[in-house]
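What follows is calculated from the coordinates using simple rules that are stated; it is not laboratory data. Quick caveat, the model's predicted, so the values are computed rather than measured. Every residue, glycine among them, receives a Cβ derived from its backbone with ideal geometry; neighbour counts consider all protein chains shown.
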Amino acid sequence: MLAATLTALPALADVGQIKVAKGQVSVDRMGQSLPGQVGMPLQAADVLKTGPDGAVGITMRDNSLLSAGPNSILSLERFEFDPTTSAGRFDAQLQRGTLAIVTGRIAKQSPQSMTVRTPAAVLGVRGTEFVVAVP
Amino acid sequence: MSPLRRGVAGLALVALLLLSACAAQQGSVVLLPERGGKSTALVVSQGSQQVSLAEPYAAVHLTSGGPQGYRSNAEEVQASFAAALAAQPLPPTQFTLYFVEGKDEFTDASKRTLDGILAAIAERPVPDLLVIGHTDRVGTDAYNDTLSRQRAEVVRNALLARGIAQDKVVAIGRGKREPIVPTADGAAEARNRRVEIQVR
């Protein structure tokens with residue numbers, strides 16, 4: 001009965017939402033580049049890109065906060081979240097630019113369930129706030 | 001509040017490797033002081049090499065020779081990450097409203113909580129709200145599923161009546177499955193008769 005209640009809610013199918021957007025922001029989704037605007041719902045596998053004057057801030061459904069500065073490429077590679085148990089999986093990759101992160105309920109419930117990658121490294125989260133830069 | 005306004009802890013992380021002149025820079029990672037003041041840690045791996053960051057402003061440079069620990073500070077973080085930090089969304093906040101037994105009316109104290117919810121909504125350019133109704137463990141599942149849903153709808157309607165757009169508010173009921181205070185089935189418990197509101 002609970003599962004039926006949850007699947008009936010389209011807002012819960014989104015993985016997150018753009019809350020802050022400045023300058024040039026785009027979202028690559030299924031081969032298309034969409035303008036990234038405040039209020040836009042995000043889906044798993046979306047890739048956010050910012051221009052030289054751009055910045056973007058998103059709130060994920062587990063309350064993780066990710067925000068990227070100019071000239072950034074951020075992939076939301078995988079996001080699964082059960083709001084009842086807080087169990088899930090969150091993998092993001094910063095391919096270029098700067099990123100600030102405040103982890104949410106997934107990492108709080110099970111720290112090893114969240115990783116942030118750069119092309120050179122893997123960051124294992126232990127429940128925290130941090131920033132990452134990739135030249 | 002900006003995490004950068006907090007004081008720097010006294011301990012320094014020891015640099016694990018000397019920076020070699022030819023080690024190409026592949027990025028950096030800095031652990032920030034956490035707002036809640038809880039213990040934090042981050043493990044940075046490059047291949048088989050790992051560095052743990054456990055103190056505020058503990059940091060690593062990612063290089064072709066592996067991760068190299070160093071100590072950053074608020075000024076350096078601000079210089080490199082000001083735009084990313086300025087774009088950080090407001091942290092989500094949660095409120096709880098309590099209900100009269102067996103009814104979908106909230107208690108007098110909870111009527112005042114509604115003002116705090118409206119203030120949190122007003123702070124956000126694109127608020128979205130999740131309203132989750134709960135009951136205590138008096139009655140059947142079917143009865144409580146309906147009651148919890150009614151309680152969530154009462155809160156949703158109270159928010160809509162105050163001008164919140166209906167597509168911003170999702171209301172669901174979880175019945176008696178998730179009591180805050182564990183009780184025997186059939187027990188009346190005021191703290192379990194509640195609606196939780198997450199404002200994001």
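List of remarks:
- Our note on the geometry: Cα centres of the stretch B:99-159 and the stretch B:184-200, 10 Å apart.
- In chain A, inverting the average of 1/r over every pair of distinct C-alpha atoms gives 14.9 Å as the Kirkwood radius.
- Among the trypsin sites (Lys or Arg not before Pro) in the stretch B:152-189, those located in a DSSP loop and surrounded by at most 16 other Cβ atoms within 10 Å of their own Cβ are B:ARG162, B:ARG177.
- Charge dipole (Cα centre; +1 on Lys/Arg Cβ, -1 on Asp/Glu Cβ; no other charges) of the protein assembly as shown amounts to roughly 240 debye.
- Per-residue 3J(HN,Hα) values for the stretch A:46-52, derived from phi via the Karplus relation 6.51 cos²θ - 1.76 cosθ + 1.60 with θ = phi - 60°, read 4, 10, 9, 10, 10, x, x Hz in sequence order (x marks Gly and Pro).
- Each DSSP beta bridge with both residues in the protein assembly as shown is either parallel or antiparallel, and the antiparallel ones are about 90%.
- Mean partner shielding of peptide B:74-87, defined as the number of other chain Cβ atoms within 10 Å of each residue Cβ, is 6.
- The mean of 1/r over all distinct Cα pairs in the stretch B:93-199, once inverted, gives the Kirkwood hydrodynamic radius of 13.7 Å.
- C-alpha long axis of helix B:108-122 to longest principal axis of chain B, angle in °: 40
- Helix B:141-161 axis, angle to chain B major axis (alpha carbon atoms, nearest 10°): 70
- Between 0 and 90 degrees, the angle of helix B:74-86 with respect to the longest Cα principal axis of chain B falls at about 40 degrees.
- Toward the positive end of the charge dipole of chain B, with +1 on the Cβ of Lys and Arg and -1 on the Cβ of Asp and Glu, the farthest Cα among B:LEU85, B:ASN144, B:TYR70 is that of B:LEU85.
- Hydrodynamic radius of the protein assembly as shown per Kirkwood, over alpha carbon pairs, in Å: 21.3
- Cα-based equivalent ellipsoid of chain B: semi-axis lengths in Å, sorted from largest, via gyration tensor: 48, 20, 14
- Among beta bridges from DSSP that stay inside the stretch B:93-200, the antiparallel ones total about 70%.
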